[in-house]
Amino acid sequence: MISIIDTTPYTDQKPGTSGLRKKVPVFQQENYVENFIQSIFDSVAGYRGETLVIGGDGRYFNRETIQTAIRMAAANGFGRVLVGQGGILSTPAASHLIRKNRAFGGIILSASHNPGGPDEDFGIKYNVGNGGPAPEKITEAIYARSREIDRYATIDAPDIDLDKIGTSQLGEMTVEVVDPVADYADLMEKLFDFDAIRDMFAGGFRMVFDAMHAVTGPYAVEILENRLGAQPRTARNSVPLEDFGGHHPDPNLVHARDLYELMMSENAPDFGAASDGDGDRNLIIGKGIFVTPSDSLAILAANAHLAPGYSGGLKGIARSMPTSAAADRVAEKLGIGIYETPTGWKFFGNLLDAGHATICGEESAGTGSDHVREKDGLWAVLLWLNILAVRRESVLDIVTTHWATFGRNYYSRHDYEAVETDSANTLMDELRAKLSTLPGTSIDGLTIESADDFSYQDPVDGSVSANQGIRIGFVGGSRIVFRLSGTGTSGGTIRVYIERYEPDASKHDVETQKALADLIAAAEKIAGIRKHTGRSTPSVIT
Ligand code: G6P
Ligand code: ZN
């Protein structure tokens, strides 16, 4: 029944920040998916008889790829596959399933927050046995293998019925179609005080959760409405669609505009939240206030002890380099470690495994903890709800009190999307070339104190990741970071991260872009964004 099929390599199967992401038609080329999956299997050893978790965010091409992956897993000698019903598994739920079942690893099909559909994005990501994304040495091995691959193994067998929960046999391998929500919801129930949150909802607390027609819909309905008693329709856009209803399932102020407007309106509910395509990102908005991901990380860390799963305190906090330093101030006050990693959740894995950090977060709307090895959108929402249920204050009050205590890190990210790849690279190369000349110079009264290209040495395994983003530090603690996105699928995206620390509480209610105006102007002067890209304004400001 097993067939070995001849194939020829593709040269572009290099996993990015978060797996291999391309347009659907690229994946539909002959043997493209098969080559990549076989390259994964060929790059990891010791899986014979072991368990593989498979699931995705429900986007276009999810089901076909799952059938391919299941057949290839059987032909390659896995003992068992666990697959979410309907092919659905949120990324954090997949991470949990891998851990709970001591699986060898998992294949997650998603392009996260990118749009879905026949001409839109798709992705394949491999996670290892700790439940986290494969570390760079594995993704590099996969890429190397993909450039040489000349055959793959599959099995002749009919499709598995993904919609029916139950167990079947494929050759020597067992296939279990499992409820994608139940185990994850049970885990959340262990971490958070569901009784307190239930009381809060029973007392009239209102929230809206926008699932953006992506994977978290079924999770939000079960957890928020069924288990916590939130009003029906608390979860909006809760049916996962292959094309996300034609939208970008990206929970930011552009793509979750309706939610933002609702939360800024007269009849806003108490709390608004959203998650992305695969359920690992989060957006938090209180009545009248958007909480930046960097502030959210700091506030969650400062209040985590209010939730049962974290009542013993935190071991440490980790954040990606471009994330604001708000969390650093919390770590300092708590007397715990703070770790600054390159962008990409995979860099947190070692810190969590080694017990250096409990909570992690990124400016790109990811927050999570050591309960899984991925960022986790609903987890962040539930931790917020737990804190609100205990403190019984509004989001606005909690945020402003936090700033008054720790100071405010004004923060914004300016994205220049779909820039010509060459122009984006030239901008970065020119910046890199002049880094050593910048310290000591001033731009409109702002004096540059430091300038470097961030390089990270993992404190656990000693591995070094260089060229992770250009940091310009100013006297007084302000900072500008320039980085190219690692997740885009067309052209290059330049990200400019701008941050200013303001200790004085009487100056905490300035509009963010205004508070950062001098730094924004300095960014243009330092990097020549207009000259290189022809753009005078960013495509997206968050
Ligand atoms: C994905 C990763 C995140 C990372 C983000 C950065 O979402 O899971 O860990 O922060 O990409 O994306 P970028 O486009 O900035 O490389
Ligand atoms: Zn995502």
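The values are calculated or read from the model by the stated rules, or taken from the named source; none is laboratory data. Predicted, not measured: the structure shown is a model, and the values here were computed from it. Methodologically, a virtual Cβ is constructed for each residue, glycine included, from the backbone with ideal geometry; neighbour enumeration extends over all protein chains shown.
Listed values, structure above:
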read-out: Residue within the range 329-346 that is of a type in the set (Gly, Ala, Ser), touching a strand residue (DSSP E or B) at 6+ places or on another chain (Cβ under 8 Å) and at pLDDT 95 or above present; value: yes
read-out: Which listed residue, of Arg102, Arg59, is basic (Lys, Arg) and more than 16 Å from ligand 2 (Cβ to nearest atom); value: Arg102
read-out: Residues within the range 1-60 that are more than 13 Å from Ala144 (Cα to Cα) and among the hydroxyl-bearing types (Ser, Thr, Tyr), tallied; value: 9
read-out: Sole residue being in a loop (DSSP other than H, G, I, E, B), among the aliphatic types (A, V, I, L, M), touching a residue at least 12 places away in the same chain (Cβ under 8 Å) and closer than 30 Å to Ala185 by Cβ, chosen from Ala111, Ala93; value: Ala111
read-out: Residue ID - nearest to ligand 1 (Cβ to nearest atom), chosen from residues in the range 267-303 that are among the small types (Gly, Ala, Ser) and either out of contact with any strand residue (DSSP E or B) (no Cβ under 6 Å at 6 or more places or on another chain) or outside the structural domain of His402 (by TED's automatic domain parsing) (or both); value: Gly277
read-out: Ala103 vs. criteria surrounded by 18 or more Cβ atoms within 10 Å (Cβ to Cβ), of a type in the set (A, V, I, L, M) and in a loop (DSSP other than H, G, I, E, B); value: yes
read-out: Residue that is farthest from the chain's Cα centre (by Cα) [pool: residues in the range 371-403 that are in a loop (DSSP other than H, G, I, E, B) and within 16 Å of ligand 1 (Cβ to nearest atom)]; value: Val372
read-out: Residue within the range 246-265 that is among the β-branched types (Val, Ile, Thr), within 16 Å of ligand 1 (Cβ to nearest atom) and within 24 Å of Ala182 (Cβ to Cβ) present; value: no
read-out: Yes/no for Leu52 being in contact with a Gly (Cβ under 7 Å, 6 or more places away or on another chain), assigned to a strand (DSSP E or B) and among the hydrophobic types (A, V, I, L, M, F, W, C); value: yes
read-out: Verdict on Arg500 being in contact with an Asp or Glu (Cβ under 6 Å, 6 or more places away or on another chain), basic (Lys, Arg) and crowded, with 19+ Cβ neighbours inside 10 Å; value: no
read-out: Strands (runs of 3 or more DSSP E) contained in the range 404-496 and holding at least 1 residues in the same structural domain as Lys507 (by TED's automatic domain parsing) and more than 28 Å from the chain's Cα centre (by Cα); value: 446-453, 470-474
read-out: Filter result for the condition that a residue is within 19 Å of Ala521 (Cα to Cα) and of a type in the set (S, T, N, Q), over Ser465, Ser450; value: Ser450
read-out: Selection count, the range 347-381, where residues are touching an Asp or Glu at 6+ places or on another chain (Cβ under 7 Å) and within 14 Å of ligand 2 (Cβ to nearest atom); value: 6
read-out: Test for Ala45: is it outside any loop (DSSP other than H, G, I, E, B) and outside the structural domain of Gly492 (by TED's automatic domain parsing); value: no
read-out: Qualifying residue in the range 60-82 (condition: within 16 Å of ligand 1 (Cβ to nearest atom) and of a type in the set (Gly, Ala, Ser)); value: no
read-out: Residue count for the range 350-363, restricted to those that are surrounded by fewer than 24 Cβ atoms within 10 Å (Cβ to Cβ) and within 14 Å of ligand 1 (Cβ to nearest atom); value: 1
read-out: Qualifying residue in the range 10-30 (condition: assigned to a strand (DSSP E or B), away from ligand 1 (no atom under 16 Å from the Cβ) and surrounded by 20 or more Cβ atoms within 10 Å (Cβ to Cβ)); value: no
read-out: Tabulated pairs, the range 413-436, first surrounded by 15 or more Cβ atoms within 10 Å (Cβ to Cβ), second basic (Lys, Arg) and not in a strand (DSSP E or B), C-beta under 8 angstrom, 6+ apart or interchain; value: Tyr416/Arg535; Val419/Arg535
read-out: Test: residue in the range 42-54 that is more than 16 Å from ligand 2 (Cβ to nearest atom), modelled with pLDDT under 95 and either in contact with a Ser or Thr (Cβ under 7 Å, 6 or more places away or on another chain) or within 29 Å of Gly166 (Cα to Cα) (or both); value: yes
